[in-house]
Each structure stands twice: as structure tokens, then as C-alpha cells.
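To start, the structure itself, in C-alpha cells.
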Amino acid sequence: MAGINPDAWSSAQKAHASLRITGVSLDSRAIHPGDLYLALPGARSHGASFAAAAIASGAVAIMTDDAGTLLMGESPAVPVLTLADARVVAGKLAARVYGTAGASASTHHLDLFGLTGTNGKTTTTYFLNSLLQALGHGTGLIGTIEILAGEEAIPSKLTTPESTDVHALLALMAEKGLSAASMEVSSHALAFGRVDGVVFDVAGFTNLTQDHLDLHGGMEGYFDTKAALFTPEHARHAVITVDDHWGQRMAAASTLPTVTLATNLDVTSAADWQVRDVRRDGVGSRFTLVGPDGAVLDVHTGLPGGFNVSNAALALLMVTTQLLAKPADDGSGVEGSQRLQGTGDSSSAQDHAVLRRLQEVLDSHDPFTVEVPGRMQLIGTAPVAVVDFAHNPDALARALDAVRPDTPGARVIAVFGATGERDVTKRPIMGAVVAQGADVVIITDDDPHDEDPAAIRAGVLAGAYEAQQSGGLQRVIEEIGPRAEAIARAVEIARAQDVILVAGRGHEVYQEVKGVNISLDDRVELRAALVAHGFPLTGASKIESPTND
């Protein structure tokens, strides 16, 4: 039955006329009465092994593959549909069950925004969520740190949940009467079909730098996976940041109506929209976003770093694209993306009204001054002590640049490590990047998983020592395995004028070692060390991060 589509399930239902499916799940522990259980192969075991438990919890039908049918043996007491590759249709099937096909719930349409790229996804989704709320939307958010359905918080374990969970969440948001949602779309989500059956109104691209090459095999494979988002199967419009050749290639590869954005002032690009006149404003920035036919938006973000200018500009342009597309698609025959590119009628009163409304919201609500846990989160002030999620070379370089103090003689003390059982090629690169950007380098453990922590640290140390030697750098480089001890050491040697950057884990509260989750929160450890040495703490942070993946 290879290549079968979701209509096969309709055929199966005809054979069981009384069958009524009310939900879908890949997790036997999450089954509710009336659910369809998708018994699919997992990383460690096959879901068919848990079919009996799913039926006991109320599953009324099972869909599985050939291996699953063999594992179940005798026919279960519920209908079973066997497909050669059941995972391929899981997302589209869930969309039919939950009524979310085409990103529209059966009872309520959600304006749906999807973000992909290596760094900046979490930041940009929070910016989107804030701007959409300021525009009067009830909003949902699906991402690394949390999942929100209005005011209801739902724990998040993956950057993008499984496809069945995504559609269940969209249905829940629609049921609550929400009108817009923002979602992080990781390369893993695209590779493993977690957004199958979802069609985003606007898909956005931040950047592409080395990460997850253990999954994709190389940058070309990584690029191809990300590019899948910018097709009619997954989105209606695209906004792509073209600050480097990867972004420019992504825009060229997109088969959607595409708006391009240049946020790097060093890039002389023929982008449709460009960031100009960036100027410091406190710890944040003010800038101008300039578009076709004289369109101008004046923007502020209270968060530091050029990466946050880029993130704010992308979020704003994604919402602008959706707002302008709506009236055009309702009758003018000219899509919003065409007008945003300067190839349609951008002089209409409707378009000017949209831009005026956006400017009013930017001025009155300051939507791009938001807080994201574990993203350049400020813990102490003297020394400045920051926790960030930066965990790849590009993000580390940006974070180090953002925290570099102006005070003569002030040092940057960086505490970081690399994750086990992930792309080993980036470990020495990370070590080199931190040796180039920090004065004191403390290499520690991140999440070793089942790998030897000492071997991971050795890979990072090799890059740091090589950068120090080849660059003639005068750096202090230390290796301290236990992460809490490494953080304490950073505070012990810090002076009030220094900056401490603890990078890699951000909001995470557990360290995974050989299958065991050990309680560890960088923010808690850093705060305790600062108190122990008599350094002042700060309250809630209003500082954001360059990365999230």
C-alpha cells in the first residue's frame, strides 16, 4: 500500500460505519477515548509494542506499518489499517481528523506564521506573538521554551511537536477563538514530517549557519531541508532574510510569492525591504525599515545586538505581508507579496491604512521589547552576568559581540560546552570562536547524553588552543567538567567591571547524562554564585538572544 493518501482512511471507515475518530496520537500514553493510535517505529522501539496499552486507554482504531502488524500478531479488538510508510500520511491524516487542513480550523481561521533558520527562531516568534497581540489578536505560540494557547501554557519538549500534536494544538487554539499563531519550524520538524498537513500563511527565514550536520550530512542537505518550507505544500507567502549567500539562495529556491529582507548594512542587496539608519537607543536600537515605493516604518527594539534588529525587522515584515495579502486576495487580484515587492499597486488607500496602523502599534506598544527565558537573560549587574542559549559557532560569536563591554580593562568570561551525540565537527569551531571573543574561556559540560564528557570537552579545547596559538591570543583557558563548578569558578575570578556569559543551555533546567535528567539550571547556579561572592543581582531581564534551535 505504498504511496497511499489519507483517502485510504475514508475507505477504512466505510468498512466500519459506526467508527468515529475524535483525536490522533503517536504516544500510547497520551491516548484518550475515541483516538486513533498511530503505531509507528520510534528511536528505541516500535509503537506497535504499546498497542494493547493504547486500546486499554480508549483507542478505537490503529494505523501502523508492516512491521507493526507483525509485532501485534493476532488482530486487535479494533480496526487496523496497515500502510507501508504510515508516517508519511500522519500529518495530513491528523489535519483531517482535527479539521485543520490548510492551516484553517473548521470553526475559525488562524493566521499562521512559521519561522525557520538556524538562529533567531524563538526570538522572532516571541516578537511575532507580541506584535500580533498589540494588533488585537488572540494568539498562540508553539516553540522551544513553551507552547501557549491564549493564556494556557502547555509544556514543550521539542522545538516543533509531532505532527499529530501540532494539529491538535491548532484545533485547540481555534476552539479557544484565537485568531493568530506563531510556530518555530526546525530542520528536524521538516525532515521528520512534523509540519505535514500544515499550510502557513507566511513562512519566514532568519539565517543558515552550521548546526545539526549530524542529521543532514552537510550544509547542502541542511539547506535543502529548510527550503522545503518555502513551497506551496507548506506555505502561501514567504519572507526571507537575504543577508548572506544562503539567504539569497533560499529566496531563489522559494516557489512561493516571496518578499526579501536585507538587515545587514554591509550587504548591498536588491532586497525588497531594507533595514537602514540603525542607531543605539539605551541597550537597544532604533532603525528604519524601508520598502518599495517609499514605504517606511520606524521601529524600536529595547533588546541589544544587531541580531535583534534583524529579528524585529523579520517579524514586522511577516505581519505586514499577511495584512497586505488579505485585502488583495479578497478581490484586487494583486497579492500582498507583489505590492511588498513593488510589482503591484502599492499606492492604494488600503495599503497606506495598513502601514499607518502598524506604525501606530509600533509607537504605542513597543512590541519588540519582550522577555524570553534563557535568552541573554540578565542575572547580575556588576559583574554583568548573562545566561544565553547560544550553542553553535555563529550564535556564540554574536552573543560574545553583544556582551563585549566598553569599559577599558573589562574582561569577558565565557562558560560553555558542547552537546554529546551531536555534530562533532562544530566542537573545535565553537572552542575557537570563544577563544577569539572571550578573555577567559571556561570549557565545561553541556548535555553529554551517552557520550564521554571528557571526550566532548577535548574536542572543544582543541579548537580553543589552536585559535590561541595561531592568533597569538593571550587567553586564560580552563577545563572544569561539572557545570555548576565551572559557573562558580567564573564568578570567583570575576571583577565588578567584567562580563560573565554562561552559554549553551539557556532556559533548560535538566542536564541529561546517560539517560538520567539531573536538575541543573544555569540561572539558579549563576545567581547563587553571585550572592555567595556579594555581587548584586538584577530583576527580570529585558535582554534577548541571537539564537534558538
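Listed values, structure above:
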{"item": "Selection from GLY34, ALA414, GLY472, by position along the positive dipole direction of the chain (Cβ)", "result": "GLY34"}
{"item": "Fraction of beta bridges assigned by DSSP in the chain that are antiparallel (%, nearest 5)", "result": "35 percent"}
{"item": "Apportionment of accessible area to carbon and sulfur, the chain, percent (1.4 Å)", "result": "51 percent"}
{"item": "Solvent exposure of region 242-286 as accessible area per residue, Å², 1.4 Å probe", "result": "53 Å²"}
{"item": "Where Cα atoms sit under 23 Å apart: lysine pairs in the chain separated by 8 or more or lying on different chains", "result": "14"}
{"item": "Viscosity 0.692 mPa s, 37 °C: Kirkwood-radius Stokes-Einstein D of region 404-549 over Cα pairs, µm²/s", "result": "208 µm²/s"}
{"item": "Computed [θ] at 222 nm, deg cm²/dmol, the chain (DSSP H ≥ 4; -39,500 (n - 2.57); rounded to nearest 500)", "result": "-11000 deg cm²/dmol"}
{"item": "Phi-based couplings in Hz for region 112-123 (Karplus 6.51, -1.76, 1.60; Gly and Pro marked x)", "result": "10, 10, x, 10, 10, x, 6, 10, x, 5, 4, 3"}
{"item": "By average C-beta atoms within 10 angstrom, highest first, the peptides 477-487, 25-35", "result": "477-487, 25-35"}
{"item": "Structure-derived volume of the Cα convex hull per residue in Å³ - corresponding label in [x] 156; [y] 128; [z] 213", "result": "[x]"}
{"item": "Within the chain: Cβ-based charge dipole about Cα centre, in debye rounded to nearest 20 (Lys, Arg +1; Asp, Glu -1)", "result": "380 debye"}
{"item": "By average C-beta atoms within 10 angstrom, highest first, the peptides 256-264, 76-84", "result": "256-264, 76-84"}
{"item": "Accessible area, probe 1.4 Å, largest first, for residues ASP423, ASP452", "result": "ASP452, ASP423"}
{"item": "Mean separation of Cα contacts under 8 Å (6+ apart) over length of region 400-469, as relative contact order %", "result": "40 percent"}
{"item": "Value of relative contact order over the chain, rounded to a whole percent, pairs C-alpha under 8 Å and six or more apart", "result": "12 percent"}
{"item": "Rounded to whole Hz, the Karplus (6.51, -1.76, 1.60) HN-Hα couplings of region 403-415, x for glycine and proline", "result": "9, 4, x, 8, 5, x, x, 6, 10, 9, 10, 10, 10"}
{"item": "DSSP-defined beta bridges in region 407-549 - what % are antiparallel, rounded to 5", "result": "25 percent"}
{"item": "Normalised contact order of region 190-317, rounded percent, pairs of Cα under 8 Å and 6 or more residues apart", "result": "18 percent"}
{"item": "DSSP bridge pairs, region 113-210: antiparallel proportion in percent, nearest 5", "result": "35 percent"}
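The values are calculated or read from the model by the stated rules, or taken from the named source; none is laboratory data. Computed from a predicted model, the values in this text were never measured in an experiment. So basically every Cβ, Gly included, is an ideal-geometry build from the backbone, and we count neighbours across all protein chains shown. Side chains included, ligands, DNA and RNA excluded: accessible areas come from the protein's heavy atoms. Shrake-Rupley method; radii C 1.70, N 1.55, O 1.52, S 1.80 Å.
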